[in-house]
Amino acid sequence: GNSVTQMEGPVTLSEEAFLTINCTYTATGYPSLFWYVQYPGEGLQLLLKATKADDKGSNKGFEATYRKETTSFHLEKGSVQVSDSAVYFCALSDLGSGTYKYIFGTGTRLKVLA
Amino acid sequence: GAVVSQHPSWVICKSGTSVKIECRSLDFQATTMFWYRQFPKQSLMLMATSNEGSKATYEQGVEKDKFLINHASLTLSTLTVTSAHPEDSSFYICSARESYSNQPQHFGDGTRLSIL
């Protein structure tokens, strides 16, 4: 079946450091891929998405490229801020479900220190 | 755009009572809504998927008589936790999608349910 694997956290970085959060997936067909961010006590906010191979999603300085050859969708940011501290979830839409429900990764907690 | 409002944000109630959580799409019509449960420091667990005007489809292991889902309109879905017990205490999150397609889900801010 379909699955999403995310790197284990927590990830602790200093402000202005480079961020990479790895995400790989297993899926049949061509799912859309998403990154969501969750701040403490809140729901999830869509950060970026990509719908086909080689698409690059970007938002608020974050980027991720849909790599079909490596089945990856790694999240990157060139210079993190304290306000980026949150939990990040990688997800794919399950085309086989009929409802395009999400398969989520386990989430990666990011802590940015001033 | 694509705002989902979830209410209440926090509820505390006694064991044995029923609790209703509302999920509204404020600026779009939500053909499909999803209900999730999230345990502390864990990922989201999908409980059920509901399409407007149809019965909800529950994931394996989720008791449909315990977690009643209604999606009577294109902007409102409700989750009722019936005869709640302490083990039902959790963070419940809804999401909504605009059409029967591969578009992103938009999430509410969640409801923290505490059963005493």
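Each reported figure results from applying straightforward, stated rules to the coordinates on display, with no laboratory input. All figures in this text were calculated on a predicted structure; none of them were measured in a lab. Cβ coordinates were reconstructed from backbone atoms using ideal geometry, including for glycine residues, and neighbour counts include every protein chain displayed.
Some notes on this structure:
- Between A:32, A:83, A:79, A:72, the distinction of being away from every other protein chain (no Cβ under 14 Å), surrounded by 17 or more Cβ atoms within 10 Å (Cβ to Cβ) and of a type in the set (S, T, N, Q) belongs to A:72 only.
- Scanning the range A:86-114 for residues that are aliphatic (A, V, I, L, M) and more than 12 Å from chain B (Cβ to nearest Cβ) turns up A:86, A:110, A:112, A:113, A:114.
- Listed by position, the strands (runs of 3 or more DSSP E) enclosed by chain A that each have at least 3 residues that are within 13 Å of the chain's Cα centre (by Cα) and over 28 Å from residue B:59 (Cα atoms) are A:19-21, A:56-59, A:62-65, A:75-77.
- The one condition from (1) within 14 Å of chain B (Cβ to nearest Cβ); (2) touching a strand residue (DSSP E or B) at 6+ places or on another chain (Cβ under 9 Å) that residue A:52 does not meet is (2).
- Residue within the range B:52-73 that is over 26 Å from residue A:50 (Cα atoms), of a type in the set (Lys, Arg) and without any contact (Cβ under 8 Å) to a residue 12 or more places away in the chain present: yes
- Among the residues of the range B:68-101, those identified as of a type in the set (Phe, Trp, Tyr) and in contact with a strand residue (DSSP E or B) (Cβ under 6 Å, 6 or more places away or on another chain) are B:91, B:92.
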